[in-house]
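Following: one structure in structure tokens, then a few remarks.
The values are calculated or read from the model by the stated rules, or taken from the named source; none is laboratory data. Everything quoted here is computed from the prediction, not taken from an experiment. Don't worry about glycine lacking a Cβ; one is built from the backbone with ideal geometry, like all the others, and counts go over all protein chains shown.
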């Protein structure tokens, strides 16, 4: 077991990483003063891990454990699903001293975290991520949200968990597609922030795909270290934290334009990073060889290097609502070098269109 700490003053919290972490009652005990817990999960994760978590919670002192099941997949990040969570919490009369435990992937974590942020004006919650994407990215940092038809994660709040308990043993049951989607976020951390992580990924991609425990643990730990450092310095994304969205401006457009759930988030981010690297080259920031280096690594991970054939106009329309926009202007996270990202609002529309068309065959002829 390894424990990192996200330094946020009075709201600092531990990130526990290790095989078997879900079963360790001592990791839960400091957060169960009232003894009432609502575990939010879905029908895929529940049969695998719910009883283990309930057992650990009971050993840690939980006197009452409520089970709240939501849909599997991106469709669960909706206002309707949020209402169902609230109905369950209110029906059980969970008080402000209760705790929500988010058991699942990024969708469950985002939904349950947002419920915790607004239920009775905010209650405590724990992140228990069971996917690689959630362990390396979405469970850390306090971003919570649901989707809207006009944009991904447009309704949400910053609400930090009391702890993250990342059991890397859960990755053994992860479908291969979900594993690859999580690797996309590790690649993102490397190209945006840490050239050494990129070199490690190039040397160890096959070990990750083979789920070697040591490789998985390293990827989770290093990603959490990088994200914790950035979030501690810029919790509410006023500056440097925006760099963690490398690939996401294009990626969110892919998800929304294709219909939520058609592309996994990590798949969309992967194609989005290739587009963003192409735009970086066209903007004169990045060497073509480094853009090709990213493309090769994405392909080795079994992730898409091409986006769907939405028209450039449709991409631009969807990206116009991106949360990094300022003064009505889309801002892109671009690369100046491997491991060094920058947020830029001074871009040429023809360069953006060209980057889209280069990475989305058929986009040029798609209806606007």
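Against the list (1) in contact with a helix residue (DSSP H, G or I) (Cβ under 6 Å, 6 or more places away or on another chain); (2) within 28 Å of residue 178 (Cβ to Cβ), the condition residue 330 fails is (2). For residue 75, the criteria (1) under 18 Å from residue 144 (Cβ atoms); (2) surrounded by 17 or more Cβ atoms within 10 Å (Cβ to Cβ); (3) modelled with pLDDT under 95 hold in every case but one, which is (2). Residue pairs whose Cβ atoms lie under 7 Å apart, sitting 6 or more positions apart in sequence or on different chains, and linking a residue in the stretch 36-52 that is without any contact (Cβ under 8 Å) to a residue 60 or more places away in the chain and in the same structural domain as residue 168 (by TED's automatic domain parsing) to a partner that is surrounded by 18 or more Cβ atoms within 10 Å (Cβ to Cβ) and in a helix (DSSP H, G or I), are 52/22. Checked against the criterion of being under 19 Å from residue 205 (Cβ atoms), in contact (Cβ under 8 Å) with a residue 24 or more places away in the chain and part of a loop (DSSP other than H, G, I, E, B), the candidates 286, 303, 294 yield just one match: 303.
Per-residue answers, yes or no, for (1) under 29 Å from residue 260 (Cα atoms); (2) modelled with pLDDT under 95; (3) touching a helix residue (DSSP H, G or I) at 6+ places or on another chain (Cβ under 8 Å):
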residue: 23; (1), (2), (3): no, no, yes
residue: 30; (1), (2), (3): no, no, no
residue: 42; (1), (2), (3): yes, no, yes
residue: 50; (1), (2), (3): yes, no, no
residue: 59; (1), (2), (3): no, no, yes
residue: 82; (1), (2), (3): yes, no, yes
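In the condition set (1) surrounded by 16 or more Cβ atoms within 10 Å (Cβ to Cβ); (2) farther than 19 Å from residue 130 by Cβ, residue 31 is compliant with all but (2). Before we move on, is residue 182 assigned by TED's automatic domain parsing to the domain that holds residue 272, crowded, with 24+ Cβ neighbours inside 10 Å and within 16 Å of the chain's Cα centre (by Cα)? Against the criterion (assigned by TED's automatic domain parsing to the domain that holds residue 272, crowded, with 24+ Cβ neighbours inside 10 Å and within 16 Å of the chain's Cα centre (by Cα)), residue 182 qualifies. Residue count for the stretch 151-178 satisfying the condition of being assigned to a helix (DSSP H, G or I) and over 13 Å from the mean Cα position of the chain (by Cα): 8.
Which of the residues spanning the stretch 207-240 are in a loop (DSSP other than H, G, I, E, B), more than 30 Å from residue 322 (Cβ to Cβ) and without any contact (Cβ under 8 Å) to a residue 12 or more places away in the chain? Within the stretch 207-240, 210, 212 meet the criteria. Filtered by the rule that a residue be buried (at least 16 other Cβ atoms within 10 Å of the Cβ) and on the phi > 0 side of the Ramachandran plot, the stretch 284-320 gives a lone residue, 302. The residues listed here are 321, 278; of these, the one that is in contact with a strand residue (DSSP E or B) (Cβ under 6 Å, 6 or more places away or on another chain) and in contact (Cβ under 8 Å) with a residue 60 or more places away in the chain is 321. Residue 19 - would you say it is in contact with a helix residue (DSSP H, G or I) (Cβ under 9 Å, 6 or more places away or on another chain), within 15 Å of residue 129 (Cα to Cα) and in a loop (DSSP other than H, G, I, E, B)? In short, yes. Being within 25 Å of residue 198 (Cβ to Cβ), assigned by TED's automatic domain parsing to the domain that holds residue 280 and touching a helix residue (DSSP H, G or I) at 6+ places or on another chain (Cβ under 6 Å) narrows it down to one of 337, 358, so name that one. 358 is the lone residue from the list that is within 25 Å of residue 198 (Cβ to Cβ), assigned by TED's automatic domain parsing to the domain that holds residue 280 and touching a helix residue (DSSP H, G or I) at 6+ places or on another chain (Cβ under 6 Å). All of (1) under 16 Å from the mean Cα position of the chain (by Cα); (2) within 25 Å of residue 126 (Cα to Cα) hold for residue 250 with one exception: (2).
Put simply, of 257, 272 the only residue that is surrounded by 18 or more Cβ atoms within 10 Å (Cβ to Cβ), at pLDDT below 95, in contact with a helix residue (DSSP H, G or I) (Cβ under 9 Å, 6 or more places away or on another chain) and not in a loop (DSSP other than H, G, I, E, B) is 257. Is it the case that residue 262 is outside any loop (DSSP other than H, G, I, E, B) and over 14 Å from residue 318 (Cα atoms)? Criteria not met by residue 262. Restricting attention to the stretch 328-368, the residues that are surrounded by 18 or more Cβ atoms within 10 Å (Cβ to Cβ), part of a strand (DSSP E or B) and over 23 Å from the mean Cα position of the chain (by Cα) total 0.
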